[in-house]
1. Taking the conditions exactly as written (loosely packed, with under 13 Cβ neighbours inside 10 Å and free of Cβ contacts under 8 Å to residues at least 24 places away in the same chain), does Ala511 satisfy them or not?
2. Just checking, how many residues over region 499-537 are of a type in the set (Gly, Ala, Ser) and within 21 Å of Pro116 (Cα to Cα)?
3. Could you please tell me which pairs satisfy a Cβ distance under 8 Å, a separation of 6+ or placement on different chains, a first residue in region 535-562 that is of a type in the set (Lys, Arg), and a second residue that is part of a helix (DSSP H, G or I) and surrounded by fewer than 18 Cβ atoms within 10 Å (Cβ to Cβ)?
4. Here are the criteria: (1) among the β-branched types (Val, Ile, Thr); (2) in a helix (DSSP H, G or I); (3) in contact with an Asp or Glu (Cβ under 8 Å, 6 or more places away or on another chain). Tell me which single one Ile85 does not satisfy.
5. Which one of these is among the aliphatic types (A, V, I, L, M), in contact with a Leu (Cβ under 8 Å, 6 or more places away or on another chain) and farther than 30 Å from Met416 by Cβ: Ala495, Ala485, Ala538, Ala511?
6. From the list Gln516, Gln546, which one is over 30 Å from Leu229 (Cβ atoms) and touching a helix residue (DSSP H, G or I) at 6+ places or on another chain (Cβ under 8 Å)?
7. Which pairs turn up if I take residues in region 274-296 that are acidic (Asp, Glu) and look for partners that are crowded, with 16+ Cβ neighbours inside 10 Å with beta carbon separation below 6 Å, at least 6 apart in sequence or on another chain?
Amino acid sequence: MNGQEIKREQPNHPIELLAPAADLACGLAALDHGADAVYIGGPHFGARAAAANSIEAIEKLVVHAHGYRARVYVALNTLLGDEEIPQAVALAHQLYQIGVDALIIQDMGLIEADLPPIALHASTQMNNRTPDKVRFLEEIGLQQVVLARELSLTQIRQIRAVTTLPLEFFVHGALCVSYSGQCYLSEVMAGRSANRGECAQYCRHRFRLFDQDGRRVGDDGYLLSLKDLDLSSRLGELLAAGISSFKIEGRLKDISYVKNVTAFYRLALDRLIAADSRLRRASAGQCDFAFTPDPEKSFHRGRTEYFLDGGRKKPGAIDTPKSTGKELGRVDMVGRNFFTIAGRPEIHNGDGLCYLDTRRELVGMRVNRVEGAKIFLRQSRPPPWGTRLFRNLDTAFHQLIAASQGCRKIAVALEMRQEGETLLLGIVDEDGIASETERNVSPQTAHQPGTVITLAEKQLRKTGGTLFRVNSLRVAVDPASHYPAAVFNQLRRAAFDRHLAVRIDSHRPPAVSRQQSTVPWPSTELSYHHNITNCFAARFHRRHGQGDLDPARMHLDPTSGCALMTSRYCLRAQLGICPREQGRISAAQPLVLADQTAHYHLRFDCRACQMTLHLKTDKTEA
């Protein structure tokens, strides 16, 4: 199926582009570059400890977002201890009071607590990958579900068939090698829990691989590191499968990444929406960019569509966990202190280039100057002839990105009329929201009758740094009168301020009523994988049919063989040694993965096409 085709079965929801915000500046940039919603961490309990934000900053973001009728979702998606539940609830009430549209949560204990009537979204860390789980989340009152990244189109369709909830899916950015919420490696090895927002990213380590007899398997590499997700060519299929919220990863990414990637997906979704009258954007305003968005020019490790088509894939970025950028071509000439690239791509002073050397190590270089096709480096030797070169810093592009602002505008129609000594300026915007502002001022007699209309039109079309763009303007004043330009400027500024306030006031997140549900939990047994870390979560599970919460089964004990990571990614498939590809289905003897911290068993469930990682100890020897 072509990525631009859309089936008749469409979700009855507006189409949302959801962008990340490390901080207020990134959030404002995301909105300015087309996001229908942004997600951001609060002061505490967001699943990115390095991306916390104050209530004051979030309130500013909410005000700006609601001007576009866009939304702000706050990540409150860490696991909580008993003593933290009251603090998290108090924070939820603060966020509700400043107008936040929804909270993204992981801990089921929050559903048992005294939350305000705010929408709740199920974080992907809830491990949302089956129809039964998503249907359960709808029945207990959640308003949106972030699906697991590992799902195929077929699996998404199966989930869509059993729920009316808006379904949110990651379409771009970094990938965790484990199912979200199911990785305990950092917690066990470094005391830094990924479910507490403190992941130490062991998956980006360099590893050695051995078979069960201690023989080396392949070369050393970053064997658990994945490429970055890029589903930009599959958006139409995702729409047809039932996705209505398209999510960009990146709450630790910089503002350049946010601008570039958000703009890229804004244009891609707008093309699909324009081609189908059944689709509509989830917020207001049209964007006009002064640059051509290109995600390859922002941080990325190569692209993968992961498991969208199912099957056994090779999404690993095992050569390097660093950003390689956009491929330029091969070195076709090497001089004493310069080199050239085939195809003669445009290179700029200060650009960052890189390549993989013969040891598969990433080598970085900085361009000192360019003379014609000749490239001279700063304190680096030219790369060898034939080397594949990449650019991971495009200085000219990033200058364009840095200058990009004010590129999203809401269309308005203005009508100014004169009633005696009063000027009235009415505004109607693209959403049909109307306001009127008046200014009492005595007209003067014009020296040149008729010029007042030309002057008024000139001054009223100026929109400055506002969110608005004047699409039409009608001026009805006595042609024999005259007003100084300052009168029209003051009236225009006051009218735009008033209209923005009316727009913001008209966007009030609906209060959500919650009733305690007793529908049964979809699984028959609970374990440490269910992340029950407080008495509120235990109460939730008991109320939903799980009466026996055996502490021994809830406890993560790495010495007993507990899986520290459960992954759809299979290292056997990545390395081309998958038994199923060789026509066999087996229990698959474990491999041993080793880095500078420890040795780990990799076990393979070939029937489920799933890999688990376990700490290798005396108790867990194969």
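The values are calculated or read from the model by the stated rules, or taken from the named source; none is laboratory data. It should be emphasised that the depicted structure is a prediction, and the values quoted were computed from it without experimental measurement. Here Cβ is always computed from backbone atoms with ideal geometry, including for glycine, and neighbour counts include all displayed protein chains. For the accessible areas, the whole protein counts, side chains as well, though only heavy atoms, and no ligand, DNA or RNA atoms are used. Shrake-Rupley method; radii C 1.70, N 1.55, O 1.52, S 1.80 Å.
1. Numbers: loosely packed, with under 13 Cβ neighbours inside 10 Å: yes; free of Cβ contacts under 8 Å to residues at least 24 places away in the same chain: no.
Against the criterion (loosely packed, with under 13 Cβ neighbours inside 10 Å and free of Cβ contacts under 8 Å to residues at least 24 places away in the same chain), Ala511 does not qualify.
2. Residues in region 499-537 being of a type in the set (Gly, Ala, Ser) and within 21 Å of Pro116 (Cα to Cα): 5 in total.
3. Short answer, once both residue conditions are applied: Arg553/Tyr528.
4. That leaves (3) as the condition not met.
5. Selected residue: Ala538, the only one of Ala495, Ala485, Ala538, Ala511 that is among the aliphatic types (A, V, I, L, M), in contact with a Leu (Cβ under 8 Å, 6 or more places away or on another chain) and farther than 30 Å from Met416 by Cβ.
6. Gln516
7. Asp276/Ile6; Asp288/Cys407; Glu296/Lys326
For (1) modelled with pLDDT of 95 or more; (2) of a type in the set (A, V, I, L, M); (3) in a strand (DSSP E or B), each residue gets a yes or a no:
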{"residue": "Asn337", "(1), (2), (3)": "no, no, no"}
{"residue": "His348", "(1), (2), (3)": "yes, no, no"}
{"residue": "Val370", "(1), (2), (3)": "yes, yes, yes"}
{"residue": "Phe376", "(1), (2), (3)": "yes, no, yes"}
{"residue": "His398", "(1), (2), (3)": "yes, no, no"}
{"residue": "Gly406", "(1), (2), (3)": "no, no, no"}
{"residue": "Val412", "(1), (2), (3)": "yes, yes, yes"}
{"residue": "Met416", "(1), (2), (3)": "yes, yes, yes"}
